[in-house]
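The values are calculated or read from the model by the stated rules, or taken from the named source; none is laboratory data. Note that the structure is a prediction, hence the values are computed from the model and not measured. Neighbour counts run over all protein chains shown; Cβ positions are idealised from the backbone, glycine included.
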Amino acid sequence: MSDNSAPAMDYAAHEATYEGFINFSKVGTIAVLNVVLCLILFAFGGTAATVFGWIMLVGTLVAAAIGLALGAKGWIPSAAVFVLTGLLAILTV
């Protein structure tokens, strides 16, 4: 016979995991776009663009770590670094 002893669904843990996945997806997508901008700086810029590219690449890693720690609003630091990198790419390339 069937034994109905399966545990109930833990919806709080499910929601927390889903929110973490969505946050990681947002931060990761912006970080990858920022790495692409840094590669553009490396490829098409001069010495100043290469220096700015390295600085912004390190900034991307720091902003991604901060963003993952923040939670739901974690995409904001990565987006700020992305905008700054875009401005530097426009000015130096």
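Observations on the model:
- The listed residue being modelled with pLDDT under 90, surrounded by fewer than 18 Cβ atoms within 10 Å (Cβ to Cβ), on the phi < 0 side of the Ramachandran plot and of a type in the set (A, V, I, L, M, F, W, C), out of Val32, Val93: Val93
- Of all residues in the stretch 15-63, those satisfying the criterion of being among the small types (Gly, Ala, Ser) and either touching a residue at least 60 places away in the same chain (Cβ under 8 Å) or under 11 Å from Phe82 (Cβ atoms) (or both) are Ala31, Gly59, Ala63.
- Test result for Leu57, closer than 23 Å to Leu91 by Cα and surrounded by 14 or more Cβ atoms within 10 Å (Cβ to Cβ): yes
- Within the stretch 1-47, the set of residues being over 13 Å from the mean Cα position of the chain (by Cα) and of a type in the set (A, V, I, L, M) comprises Met1, Ala6, Ala8, Met9, Ala12, Ala13, Ala16, Leu37, Leu39, Ile40, Leu41, Ala43.
- Filtered residue count, the stretch 1-20, keeping only those that are surrounded by fewer than 10 Cβ atoms within 10 Å (Cβ to Cβ) and in a helix (DSSP H, G or I): 3
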